[in-house]
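The values are calculated or read from the model by the stated rules, or taken from the named source; none is laboratory data. Computed from a predicted structure; not experimentally measured. Cβ: placed from backbone, ideal geometry, glycine included. Neighbour counts: every protein chain shown.
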Amino acid sequence: MNYLVKIAAVASVSVIVGAAAQAQECQVSTTDPFDLTGSDIADIYDCIGDKMVEGYSKAGDMVAKNYRNWTVTGTRHGVAGAHGNRLLLTYANDIAVEQYLKFAEDGVVMPVGARLAKESIKINKKKNAAVVGPLFLMTKLEAGASPETADWLYGGLQPNGKPMQFKQAFCHDCHVNWEDQDFMAYPLEELRVGN
């Protein structure tokens with residue numbers, strides 16, 4: 001292969017790679033997630049929604065492949081300040097959904113096997129774009145299985161499907177703010193399903 005053909009081949013691969021990277025991003029009107037309107041968030045989700053499941057599922061995780069079949073607990077993604085000011089939308093499995101959708105503020109006890117999956121979208125200020133964030137997971141374990149986390153197992157998947165690596169206390173130390181809600185936060189009140 002001569003020199004010019006090699007340069008053309010490299011340039012064409014660069015364009016393809018650049019287009020693929022750009023396809024993972026969605027331009028936004030503002031880089032402050034708190035200033036995004038409901039319409040802005042709907043546009044972002046239209047652009048990025050399918051890419052989320054595709055990315056989370058890359059490593060074959062069954063929750064990543066199936067969480068969208070669970071019950072969605074909000075009317076759309078919203079930002080409350082938790083999880084790094086990402087746009088968040090929570091799904092609850094069949095075991096969790098009845099209790100979770102009560103949005104009770106005290107005396108909450110989730111059943112063993114309850115699972116929550118929280119999609120996230122990050123606003124990348126440098127690129128002025130929305131990008132897929134991690135899929136955050138919570139699983140209620142049997143009583144006594146993890147006393148230091150009130151029997152919750154925290155986990156997550158990176159946008160490429162690889163498991164996130166962190167200490168359980170990293171999540172639980174924040175979730176203690178919702179102790180009366182069995183350590184669960186809820187969607188913003190105005191975004192809750194049924195409101």
When only residues in region 26-66 that are surrounded by fewer than 14 Cβ atoms within 10 Å (Cβ to Cβ) and of a type in the set (Val, Ile, Thr) count, which is farthest from residue 89 (Cα to Cα)? 30
Residues in region 120-160 that are over 21 Å from the mean Cα position of the chain (by Cα) and surrounded by 18 or more Cβ atoms within 10 Å (Cβ to Cβ) total 1
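One line per residue, one yes/no per condition, for (1) modelled with pLDDT of 95 or more; (2) assigned to a helix (DSSP H, G or I); (3) farther than 20 Å from residue 131 by Cβ:
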site	(1), (2), (3)
54	yes, yes, no
59	yes, no, no
66	yes, yes, yes
76	yes, no, no
80	no, no, no
83	no, yes, no
90	yes, no, no
Specify the residue that is surrounded by the most Cβ atoms within 10 Å (Cβ to Cβ); the eligible residues are those in region 67-92 that are touching a Gly at 6+ places or on another chain (Cβ under 7 Å) and not aliphatic (A, V, I, L, M). 90
Sole exception among (1) in a strand (DSSP E or B); (2) more than 19 Å from residue 68 (Cβ to Cβ); (3) among the charged types (D, E, K, R) for residue 118, by number: (2)
Return the residues of region 48-78 that are of a type in the set (A, V, I, L, M, F, W, C) and closer than 19 Å to residue 158 by Cα; say none if nothing qualifies. 48, 52, 53, 59, 62, 63, 64
May I ask you to verify whether residue 29 is free of Cβ contacts under 8 Å to residues at least 12 places away in the same chain, assigned to a loop (DSSP other than H, G, I, E, B) and over 13 Å from the mean Cα position of the chain (by Cα)? yes
All-but-one check, residue 99 against (1) modelled with pLDDT of 95 or more; (2) part of a helix (DSSP H, G or I); (3) within 26 Å of residue 164 (Cα to Cα), failing number (3)
So, in region 160-195, exactly how many residues are in contact with a helix residue (DSSP H, G or I) (Cβ under 6 Å, 6 or more places away or on another chain), at negative phi and without any contact (Cβ under 8 Å) to a residue 60 or more places away in the chain? 2
